[in-house]
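The values are calculated or read from the model by the stated rules, or taken from the named source; none is laboratory data. These numbers come from a predicted model, not from an experiment. All Cβ positions, glycine included, derive from the backbone under ideal geometry; neighbour counts span all protein chains shown. When the accessible area is computed, the model is the full protein with side chains, heavy atoms only, and any ligands, DNA or RNA have been set aside. Shrake-Rupley method; radii C 1.70, N 1.55, O 1.52, S 1.80 Å.
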Amino acid sequence: MARLVVMGGGVAGHTAATFAKKMLGSAHEVVVVTPNSNWNWIPSNIWVGVGGMSKEEVIFPLAPVYKKAGIDYRQAKAVAIHPEGKEGSDTPYIMIEYTDQTKPGQTEELTYDYLINATGPKLNFAATPGLGDANGLGEHTVSVCTADHAEHAAAELQKCIEKMKRGEKQTFLIGTGHGMCTCQGAAFEYIFNVEHTLKEAGVRDMAQIIFITNESFLGDFGMGGIHFNMGGFAMSSKVFAESLYAERGMDWILGAHVNKVEAGKVTYESLDGTMDEQTFDFAMLIPPFAGVGFKAFAKDGSDITATLFAPNGFMKVDANYNAGAYENWKPSDWPRTLQNPTYKNIFAAGIAFAPPHLISKPMSSPNGTPINPTPPRTGMPSAMMGKAVTMSIVDMIKGAPEPTHTACMAEMGAACVASAGKGLFNGTAAAMTVYPIVPDFETYPGTGRNLNGTTGELGLAAHWVKHILHFVFIWKAKLRPGWTLIPE
Amino acid sequence: MASKHLQHIDPYTPQFGTMIPLGFQKWLRTCVIYQLFRFVMINLKMTVLILKSHH
Ligand SMILES: Cc1cc2nc3c(=O)[nH]c(=O)nc-3n(C[C@H](O)[C@H](O)[C@H](O)COP(=O)(O)OP(=O)(O)OC[C@H]3O[C@@H](n4cnc5c(N)ncnc54)[C@H](O)[C@@H]3O)c2cc1C
């Protein structure tokens with residue numbers, strides 16, 4: 001009997017564990033180690049953050065789902081990996097620390113035959129003074145990265161709406177809280193939902209709404225921008241995004257590295273090296289992401305963290321980490337099997353794997369401050385990676401000598417539906433598809449993408465899709481009937 | 001009536017340098033019949049994308 005341990009019960013980890021159990025049955029063991037007791041459909045946090053949904057609608061408890069599926073669930077966080085075992089034993093193991101109310105802080109060694117790291121991002125609020133600290137989000141801004149954060153954001157937004165109703169003008173600042181952030185899409189989506197909410201509340205004219213981003217142009221999205229096939233043009237996502245902001249009378253600040261947050265004010269450095277300030281009454285700033293900060297140890301106890309992990313804490317996989325300058329980057333730099341090159345029974349999926357480099361062109365201010373979006377690893381690719389590594393591991397358990405499945409961001413597309421206001425008949429959303437995620441300028445000269453697979457549009461239909469995805473993916477994650485038929 | 005959709009735009013601002021949807025385009029975005037058609041199209045596009053992406 002083999003044991004597969006999955007670290008992380010989010011999009012990639014939950015997909016990996018549930019498919020693994022389905023494919024392996026009771027002949028092998030699947031264990032999930034994750035500190036959260038609830039599963040969260042993160043994309044709908046945006047709606048929680050404007051009061052359009054309750055926290056309870058976007059989460060559900062994991063324990064009953066794993067019990068039903070026959071998955072061994074440990075509510076704990078993994079803290080260290082010992083891929084060679086320890087003195088006297090060659091069996092690899094991870095060290096876990098329980099977060100479960102019944103045994104908080106208790107540690108345990110958990111052995112594995114195969115290990116998937118799907119621990120997603122550490123929300124690195126501490127990277128920007130005032131944005132937060134090692135304990136998480138600070139007091140000056142709000143976030144929508146977790147359901148709890150989003151609930152708090154909605155309450156703060158409501159306070160601003162009340163003030164505007166009393167005649168007080170308010171400034172809303174939404175965007176990225178550091179020069180090295182990813183996940184611009186979430187901030188993009190949130191700003192449109194805030195604008196929609198203010199309009200519905202009848203206070204839009206009392207609000208100035210500003211987007212602040214580390215992108216050098218609107219619509220970069222950490223992917224170097226996209227060209228959509230639209231109305232007979234190959235239209236840049238720059239025009240698409242600018243149009244959305246301009247239509248709604250929203251301002252934007254580009255190429256900004258927020259370097260300090262204080263009560264009602266951010267300080268930022270721009271790509272041209274200038275330092276500036278922006279005041280706000282309400283700010284939602286996405287933190288930069290880092291790996292969750294594992295340690296790794298060899299059999300003799302020596303620290304081998306740098307063998308398994310890149311300096312940013314993400315796990316090394318079969319990527320080309322020596323690609324050099326932007327001009328030399330190739331789609332083949334991107335990992336395919338997501339297998340760790342040193343320890344072949346360890347894989348990473350979702351945000352947890354270390355990308356070989358950025359997708360957007362690296363940029364820095366004359367002061368040497370890097371200001372560029374880092375590569376996005378959104379829900380669809382994360383789930384696809386989770387499934388692909390699981391299928392490889394299942395085949396390896398059954399005797400395959402090496403991984404049999406791939407999930408490469410240079411060979412897969414992504415669909416992203418960014419809500420711009422909720423409502424069955426007056427909601428809208430931007431539906432974007434991009435293929436491939438990592439541009440391939442050799443195959444698709446000029447744009448790097450297949451224009452037949454890269455599209456964008458705004459409308460009610462996209463909102464319906466977004467709404468249906470909410471229910472469908474929660475249905476799937478709860479392993480309700482037919483869940484395996486729902487694609488990632 | 002195009003002016004209604006443009007009155008918040010000032011010359012030489014960043015907003016001035018992009019396209020602004022006018023009435024018909026905005027109407028289409030919430031026109032249920034047209035959006036039902038778009039709904040089918042978006043789903044088709046996403047299905048093709050998913051099929052192309054699994055290896
Ligand atoms: C507000 C917001 C909106 C978004 N909207 C969209 C969208 O519309 N469409 C889209 O495609 N993507 C969207 N995304 C991105 C999407 O949520 C991520 O791509 C996806 O969640 C990544 O999956 P993951 O499994 O890598 O990480 P996660 O889903 O974050 O899962 C990581 C898991 O690991 C656990 N973990 C952390 N530390 C440890 C540890 N030490 N040991 C064990 N487990 C640990 C965490 O608790 C968590 O359960 C959005 C993100 C945000 C923040």
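Name the single residue, out of those in the stretch A:212-235 being in a strand (DSSP E or B) and open to solvent by less than 30 Å² (accessible area, probe 1.4 Å), that is farthest from the other protein chains (Cβ to nearest Cβ). Working first, answer last.
Here is the first cut: in the stretch A:212-235, the ones in a strand (DSSP E or B) are A:212, A:227-230, A:233-235.
Cutting the leftovers down to open to solvent by less than 30 Å² (accessible area, probe 1.4 Å) gives us A:212, A:228, A:235.
Values: A:212: 13, A:228: 11, A:235: 9 Å.
The selected residue is A:212.
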So, in the stretch A:433-454, of the ones that are surrounded by 21 or more Cβ atoms within 10 Å (Cβ to Cβ) and β-branched (Val, Ile, Thr), which residue ends up nearest to residue B:35 (Cα to Cα)?
A:433
Test residue A:407 against the stated conditions and say whether it is buried (at least 21 other Cβ atoms within 10 Å of the Cβ) and over 19 Å from residue A:321 (Cβ atoms).
no
Taking the criterion of being open to solvent by 10 Å² or more (accessible area, probe 1.4 Å), modelled with pLDDT of 95 or more, more than 9 Å from the ligand (Cβ to nearest atom) and touching a strand residue (DSSP E or B) at 6+ places or on another chain (Cβ under 8 Å), would at least one residue in the stretch A:39-53 satisfy it?
no
Pairs returned, first residue in the stretch A:260-273 that is under 18 Å from residue A:211 (Cβ atoms), second residue that is charged (D, E, K, R), beta-carbon separation under 6 angstrom, 6 or more apart or interchain, are A:265/A:277; A:267/A:260; A:267/A:277; A:268/A:276
Close pairs from the stretch A:8-25: first within 14 Å of chain B (Cβ to nearest Cβ) and open to solvent by 10 Å² or more (accessible area, probe 1.4 Å), partner at pLDDT 95 or above and within 8 Å of the ligand (Cβ to nearest atom), Cβ under 6 Å, at least 6 apart:
A:15/A:383; A:15/A:386
Working only within the stretch A:461-479, note down all residues that are more than 11 Å from the ligand (Cβ to nearest atom), open to solvent by 20 Å² or more (accessible area, probe 1.4 Å) and under 18 Å from residue B:45 (Cβ atoms).
A:464, A:467, A:468, A:472
Counting only residues that are in contact with a Phe, Trp or Tyr (Cβ under 8 Å, 6 or more places away or on another chain) and under 22 Å from residue A:121 (Cα atoms), give me the strands (runs of 3 or more DSSP E) lying completely in the stretch A:252-365 with at least 2 of them.
A:256-262, A:282-286, A:346-348
Residue ranges of strands (runs of 3 or more DSSP E) in the stretch A:1-107 with at least 1 members farther than 23 Å from residue A:388 by Cβ:
A:38-40, A:59-61, A:72-82, A:93-98
When both residues are 6+ apart or on different chains and their Cβ atoms are under 7 Å apart, which pairs have a first residue that lies in the stretch A:34-45 and is touching a residue at least 24 places away in the same chain (Cβ under 8 Å), and a second that is charged (D, E, K, R) and open to solvent by 50 Å² or more (accessible area, probe 1.4 Å)?
A:35/A:77
Residues within the stretch A:358-391 that are open to solvent by 30 Å² or more (accessible area, probe 1.4 Å) and of a type in the set (Gly, Ala, Ser), tallied:
3
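Filter the stretch B:22-39 down to the residues that are among the hydrophobic types (A, V, I, L, M, F, W, C) and open to solvent by less than 80 Å² (accessible area, probe 1.4 Å), then identify the one that is farthest from the other protein chains (Cβ to nearest Cβ).
Residues of the stretch B:22-39 among the hydrophobic types (A, V, I, L, M, F, W, C): B:22, B:24, B:27-28, B:31-33, B:36-37, B:39.
When the remaining residues are screened for being open to solvent by less than 80 Å² (accessible area, probe 1.4 Å), the result is B:22, B:28, B:31-32, B:39.
Details: B:22: 10, B:28: 7, B:31: 8, B:32: 7, B:39: 4 Å.
The residue in question is B:22.
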Can we say residue B:16 is more than 30 Å from residue A:336 (Cα to Cα), free of Cβ contacts under 8 Å to residues at least 60 places away in the same chain and at the interface with another protein chain (Cβ under 7 Å from one of its Cβ atoms)?
no
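Being near the ligand (Cβ under 10 Å from one of its atoms) and open to solvent by 20 Å² or more (accessible area, probe 1.4 Å) is the filter here, so list the residues in the stretch A:269-296 that pass it.
The first filter runs over the stretch A:269-296 and keeps only residues near the ligand (Cβ under 10 Å from one of its atoms), leaving A:284, A:286-287, A:289, A:291-294.
Within the stretch A:269-296, A:289, A:292, A:293 qualify.
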For the stretch A:140-161, give me each residue that is among the charged types (D, E, K, R) and under 23 Å from the mean Cα position of the chain (by Cα).
A:148, A:151
